[in-house]
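The values are calculated or read from the model by the stated rules, or taken from the named source; none is laboratory data. From a predicted model like this one, the values you see are computed outputs, not experimental measurements. Note that each Cβ is placed from the backbone with ideal geometry, even for glycine, and that neighbours are counted across all protein chains shown. Areas reflect the complete protein model, heavy atoms only, side chains present, ligands, DNA and RNA absent. Shrake-Rupley method; radii C 1.70, N 1.55, O 1.52, S 1.80 Å.
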Amino acid sequence: QVQLKESGGGLVQAGASLKLSCIASGRTFSDYPMGWFRQAPGKEREVVAVISRFGTDRYHVDAVKGRFTISRDNAKNMLYLYMNNLKPEDTAVYYCAASTSYYNDYARYEYWGQGTQVTVSS
């Protein structure tokens, strides 16, 4: 198993930037494709961005494309989400997760962190 813990959330104004971090412990970090997901109040959890085991493949949903960037550092067991030009609609709890399958097999993200709150004011 892998344990995950997010950090870096906060309250910011629209247009600001944030960097979310997720540290992994347990099994070898590079064994897992990783992703960032978010859940806004009253909405279902949704994928934000995913990355393959060694970072060669990445996918960002259209709503964040060009503003957010997912990356990972396997040597440090770290996953990152760089968020620029934040909008009020980005307000959500952000979760990092590890997949037991391919990076784009969203049903197989089986290990989750506890989440970090991002709030963007207008």
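When only residues in segment 76-113 that are over 17 Å from SER30 (Cβ atoms) and of a type in the set (Ser, Thr, Tyr) count, which is least open to solvent (accessible area, probe 1.4 Å)? Selected residue: TYR94.
Kindly indicate whether any position in segment 95-109 is under 10 Å from the mean Cα position of the chain (by Cα), closer than 15 Å to GLY8 by Cβ and touching a residue at least 60 places away in the same chain (Cβ under 8 Å). Looking through segment 95-109, at least one residue is under 10 Å from the mean Cα position of the chain (by Cα), closer than 15 Å to GLY8 by Cβ and touching a residue at least 60 places away in the same chain (Cβ under 8 Å).
Working only within segment 63-122, note down all residues that are assigned to a strand (DSSP E or B) and either among the aromatic types (Phe, Trp, Tyr) or over 20 Å from SER17 (Cβ atoms) (or both). Give the derivation first.
Just the residues of segment 63-122 that are assigned to a strand (DSSP E or B), to begin with: 68-73, 78-83, 92-99, 109-112, 116-121.
Residues satisfying the conditions are PHE68, TYR80, TYR82, TYR94, TYR95, ALA97, ALA98, SER99, TYR109, GLU110, TYR111, TRP112.
Within segment 47-58, identify whether any single residue is free of Cβ contacts under 8 Å to residues at least 60 places away in the same chain, of a type outside the set (A, V, I, L, M, F, W, C), surrounded by 14 or more Cβ atoms within 10 Å (Cβ to Cβ) and farther than 16 Å from TYR109 by Cβ, and answer yes or no. Looking for residues that are free of Cβ contacts under 8 Å to residues at least 60 places away in the same chain, of a type outside the set (A, V, I, L, M, F, W, C), surrounded by 14 or more Cβ atoms within 10 Å (Cβ to Cβ) and farther than 16 Å from TYR109 by Cβ, one finds at least one in segment 47-58, hence yes. Selection of segment 1-40 for residues being surrounded by 14 or more Cβ atoms within 10 Å (Cβ to Cβ), among the aliphatic types (A, V, I, L, M) and in a strand (DSSP E or B) yields VAL2, LEU4, VAL12, LEU18, LEU20, ILE23, ALA24, MET34.
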